[in-house]
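These notes are about the structure you will find just below.
The values are calculated or read from the model by the stated rules, or taken from the named source; none is laboratory data. Please read all numbers here as calculations on a predicted model, not as lab measurements. Here Cβ is always computed from backbone atoms with ideal geometry, including for glycine, and neighbour counts include all displayed protein chains. The accessibility values were calculated without ligands, DNA or RNA, using every heavy atom of the protein model including side chains. Shrake-Rupley method; radii C 1.70, N 1.55, O 1.52, S 1.80 Å.
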Amino acid sequence: MDSLQQRSSTVQEPPGAAPAHRPTPPPAWQPRTDPAPLLPEAEPLRVLGTEAVADADPALLLRLYAELIRGRRYNTQATALTKQGRLAVYPSTTGQEACEIGAALALEERDWLFPSYRDTLAAVARGLDPVQALTLLRGDWHTGYDPREHRIAPLSTPLATQLPHAVGLAHAARLKGDDVVALAMVGDGGTSEGDFHEALNFAAVWKAPVVFFVQNNGFAISVPLAKQTAAPSLAHKAVGYGMPGRLVDGNDAVAVHQVLTEAVARARRGGGPTLVEAITYRIDAHTNADDATRYRAAGEVETWRAHDPILLLERELTERGLLDEDGRRAAAEAAETMAAELRERMNADPVLDPMDLFSHVYAEQTAQLREQAAQLRAELDAEGEA
Amino acid sequence: MTTATTGTAAARAAGAAGKPKPATMAQALQRAMRDAMAEDPTVHVMGEDVGTLGGVFRVTDGLAKEFGEDRCTDTPLAEAGILGAAVGMAMYGLRPVVEMQFDAFAYPAFEQLLSHVAKMRNRTRGAMPMPIVIRVPYGGGIGGVEHHSDSSEAYYMATPGLHVVTPATVEDAYGLLRAAIASDDPVVFLEPKRLYWSKSDWSPEAPAPVEPIGKAVVRRRGTGATLITYGPSVPVCLEAAEAAQAEGWDLEVIDLRSLVPFDDETVCASVRRTGRAVVVHESTGFAGPGAEIAARVMERCFHHLEAPVLRVAGFDIPYPPPMLERHHLPGVDRVLDAVARLQWEAQS
Ligand SMILES: Cc1ncc(C[n+]2csc(CCOP(=O)(O)OP(=O)(O)O)c2C)c(N)n1
C-alpha cells in the first residue's frame, strides 16, 4: 500500500498538461516489440505472373517444375495404391505440391524437417526413398527410415505434437553451435492445438532457429477454417508471440520457396522463428476413408483446379520460353519412371518378422518381454507346423 | 435424470408391432444421443467433425441437422480445449457429451480429465458435479496406422472420480450411453471401434430398458470356468467358448460392461460356481485392467479357486503397425491356451 502511494506520487505531470487524474500507463509498462514489422502481408505473396518472377533463377524454376510433376505423380500413384489395398491409408497432397516441394527445397542438407502425417511428399522431395516414406501408411512399421540419417523426424500422426520437438531440436543445435534450422510443418486445423501455441511461444522466447509452416488447405477433415479460427489469418497469430508472420500463395511454388528460403536464412543467422501460412487447397478428400461431398461443394474444388500449382508454373515457364513440349515430356517421363518403380516395389509383400514386435520397445529387452517373445515364438512355430 | 428411457415407453409399445430392423452399434449410439437430446435440452454434443460430417465413424450423424449447431458443435481442433470447455459448460448446468476422435488423440485432454473432470465433485464437496460423457473410440483390429488403436482403459480406470464403461453389443451401446448421459458423474465411454459395424435386430423403437451403470452381464452360461471380459474381446471369448465346448470345456462368459464401478457380485458369483477364471482384454497386460480384476477375484474367491486366475492380454508393447496387429491381439487360440492351463491340478 505504502509503496503504491509512493509510486503514484512520483509521476510528474509537466506544467499545463492534462489534469493529474489522467490515466497513465503502469510505470513498468513499455511496448516490447513494434508489432508492425511482424504483421503479415495484406495479401498472400505471389511471384508467378508478377514482375517479381523476373528475378527468379531459371534453373530453380525448372527444378521446381520437375519436382512438382514428380510430386503430383507420386500423389496419384500412392492414391491408386490405397485403392489396391497396398496402403492402409494415404493423405494426398494433390493441389498442395507447391507447398510440400517449395518448403522442402528451402532446406540445406544439415537442416531438419518435422513433417505431419500428410507431408510424405516433402520427405520424398528432400531425398527420402519413396517406399521408406510410405511405411507408416502401408502399415509394416511406424517409421520406415532412420530420422537421424535423413534429418526427417517421424511423420507425426497426433497433430501439432511435432512442433515443440522442432523447437527443442533447433534450440539444441544452436546450443551446440551448429547452424541448423528446423522446418516444422502443420495443417490449419493443427494450429488450434495447445502444442502449436506452446511451440511458437518457446521458439520466440528462445529465438530458436525454427520455421513454422502452416499449409492452410481450407479444411481439417470436414471443419472449414472459419470454424477453426477467428483470426484475420493464421499468419497473424505470429504477432502475439513476437515473431514475424508471412502469408504466401501456397500454389505458387516460386513464392513458397522464396518465403521459406528467407525464413530459413533469417533463422540461420540468429533472427529467430517465423510463422509462414500458405493459402492452398486440398483437392482430394482427407483420406480414402473420407467422403468430402458431405461438407464441401464440387464447384469449390473446380475453382481451385483452375489455380493448380502445376498450371501456374507451367504457364510461366512456357511464356518465358523455358519449357517446350520436349521439356514437358521429359518431366512426365521421369515422373512415370518413379511411379512405375514405386508401384513395383509396393506390389511386393513386405517381409515381416512378427518377432520384431519385441525388438525395439527398450534398449535392452526386459525379462517380461523375453517371456512374451517366447510365447509368440511358440505360437508361430505351432502355426508353421499346422 | 434417473430413468433414461421414460420418453420411449410409448414408442416401445408402438414399435413392438413392427419388426426390428438390423442396426449397427454406431447407429444405436447415435440414437442414444438423439433420444437424450430430444428429452433434455441441456444435453450438448461436441467434438471434431461431429457436426456436418457426422463424425469420422458417423456416430453423430444427423444430430447437427436435427438439433442445430449449438447443440451438436464442430469445435476447433483441440482436445484439451474441448474437454476444458465442457467443464465450464457443466459448471453452468449443461450436460456435454464430447467425442475424442480416436483413443490416442484424447491424450492432450488428460490434464483436464485428471485434474478437473475427475476431481471437481470432490474438490467442491459435492457442490459442483461434472455430468460429462467422454466418448472415445478405442482398441485395434481395424488396420489403423499408429495412434489409432490404443486401449487406454487402464489410465482411465486408475483415476478416481471417473466411471469407465464399454459396450459389446448393439443393445448395450444404446442403453449404456443413455445411462452415461443420465449420470451426474463423468463417464468415460469407450466405444470398441471394431464393433461399430456389428449388427443386431435391435429396434430403436423398442430399446432395452436402461440399467444404471455398474452391472456386468453373463453372456453365456457355463460350469467349467469363467471368462471375464469386456468390449472388443467379448465376441472373441464367446467364440472361444463355442470352440471349447468341442473339447469338453463348458465356459461361462461375463461381459463386464462397466469397468468402474466394478461388479464384484456378478463376477464372484460366477467364479465361485466355476472355480476357475481367465481375464481377457486386448490392452497390455502389465498393470493393465486384468491385474486389478484378477487381484479382486483372488481376494474374494480364494477358497473357491481350483487354479490361479489367468490373464490373456495384448503384449506389453506399443500398439503395433496394422500388418502385425493380429499377433498382438488376443484371439481365440490364446484364450483356449489359457483355458487349457486352468487344468492346474494336473500340472502341479
Ligand atoms: C491430436 C489429434 N487430434 C485429432 C486427430 C485426428 N485428425 C487427423 S487429421 C485431422 C485434421 C487435420 O487437419 P489439418 O491440421 O488442417 O491438416 P490437413 O489434414 O488439412 O493437412 C484430424 C482431426 C489427430 N491426428 N491428432
Quiz prompt | Residues in region A:59-97 that a label on A:Ala298 would reach, taking backbone N under 12 Å of a point 7 Å out along Cα→Cβ | solution = none
Quiz item: Which Cα, out of A:Thr293, A:Pro309, A:Gln258, lies furthest along the positive dipole direction of region A:253-342 (beta carbon charges, K/R +1, D/E -1)?
Solution: A:Gln258
Quiz item: Chains A and B: buried accessible surface, both sides, probe 1.4 Å, rounded to 100 Å²?
Solution: 3300
Exercise. Return the single residue from A:Pro44, A:Pro58, A:Pro130 with maximal mean-square fluctuation; model: Gaussian network over chain A, springs between Cα atoms under 10 Å.
Key: A:Pro58
Quiz item: Structure shown: which of A:Lys227/B:Lys199; B:Lys193/B:Lys215; A:Lys227/B:Lys21; A:Lys237/B:Lys65; A:Lys227/B:Lys65 lie over 25 Å apart, alpha-carbon to alpha-carbon?
Solution: A:Lys227/B:Lys199; A:Lys227/B:Lys21; A:Lys237/B:Lys65
Quiz prompt | Equivalent ellipsoid dimensions for region B:50-197 as semi-axes, Å, which come from the Cα gyration tensor, largest first | solution = 22, 18, 15
Quiz item: Between Rg and the Kirkwood Rh of region A:235-350, both from Cα atoms, what is the Rg to Rh ratio?
Solution: 1.07
Quiz prompt | Extent along principal axes [Cα atoms of region A:175-306; Å; largest to smallest] | solution = 50, 31, 27
Quiz prompt | Residue-averaged [θ]222 nm for chain A, counting only DSSP H segments that reach four residues, each worth -39500 (n - 2.57) | solution = -13500 deg cm²/dmol
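When the solvent-accessible surface of protein heavy atoms is calculated with a 1.4 angstrom probe, in what order do A:His197, B:His44 fall, highest first? Please report the intermediate quantities before stating the final value.
Values: A:His197 90, B:His44 25 Å².
The ranking, largest first, comes out as A:His197, B:His44.
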Exercise. Quick one: angle between helix B:170-182 and the longest Cα principal axis of chain B, in degrees between 0 and 90, rounded to 10, please.
Key: 50
Practice problem: Evaluate the Kirkwood expression for the hydrodynamic radius of region B:199-334, namely the inverse of the mean inverse distance over all pairs of different C-alpha atoms, and round to one decimal in Å. | Solution: 15.7
Quiz item: Pick from B:Val56, B:Val218, B:Val164: which is most flexible by mean-square fluctuation in a GNM of chain B where alpha carbon atoms under 10 Å apart are linked?
Solution: B:Val56
Quiz prompt | Residues A:Glu319 and A:Arg269, FRET efficiency given R0 of 41 Å [Cβ-Cβ distance, rounded to 0.05] | solution = 0.70
Quiz item: Looking at chain A, do any whole DSSP H helices span at least 24 angstrom along their long axis by alpha carbon and average -0.5 or above on Kyte-Doolittle, and which?
Solution: A:58-83
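Ignoring ligands, DNA and RNA, how do A:Thr24, B:Thr226, B:Thr24 rank by accessible area with a 1.4 Å probe, largest first?
Numbers: A:Thr24 65, B:Thr226 0, B:Thr24 20 Å².
Result of the area sort, largest leading: A:Thr24, B:Thr24, B:Thr226.
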Quiz prompt | Cleavage-rule hits (trypsin sites (Lys or Arg not before Pro)) in region A:107-201: DSSP loop, at most 12 neighbouring Cβ within 10 angstrom | solution = A:Arg110, A:Lys176
Quiz item: Given the protein assembly as shown, what whole percent of its Cα pairs are spread farther than 38 Å?
Solution: 46
Self-check item: Accessible area of the protein assembly as shown divided out per residue, in Å², using a probe of 1.4 angstrom
Solution: 43
Exercise. Go through B:Glu171, A:Glu109 and list them by solvent-accessible area, largest first, probe radius 1.4 Å.
Key: A:Glu109, B:Glu171
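Given charges of +1 on the Cβ of Lys and Arg and -1 on the Cβ of Asp and Glu, with all other atoms neutral, how large is the dipole of region A:30-102 about its Cα centre, in debye to the nearest 20?
Values: 8 positive and 9 negative charges, 133 e Å.
Rounded to the nearest 20 debye, it is 640 debye.
Measure off, as a whole percent, the carbon and sulfur share of the 1.4 Å-probe accessible area of chain A, all protein chains present.
Details: 9690 of 18210 Å².
Of the solvent-accessible surface of chain A, carbon and sulfur hold 53 percent.
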Self-check item: Residue among A:Ala166, A:Ala330, A:Ala255 with the largest mean-square fluctuation in a Gaussian network model of chain A, springs linking Cα atoms under 10 Å
Solution: A:Ala330
Quiz item: One-quarter of the Cα convex hull surface for region B:155-239, in nm²?
Solution: 6.7
Quiz prompt | Cβ-based charge dipole, the protein assembly as shown, positive-most Cα from B:Ile134, B:Ala104, A:Pro23 | solution = A:Pro23
Quiz item: So how exposed is A:His286, as accessible area in Å² (1.4 Å probe, rounded to 10)?
Solution: 30
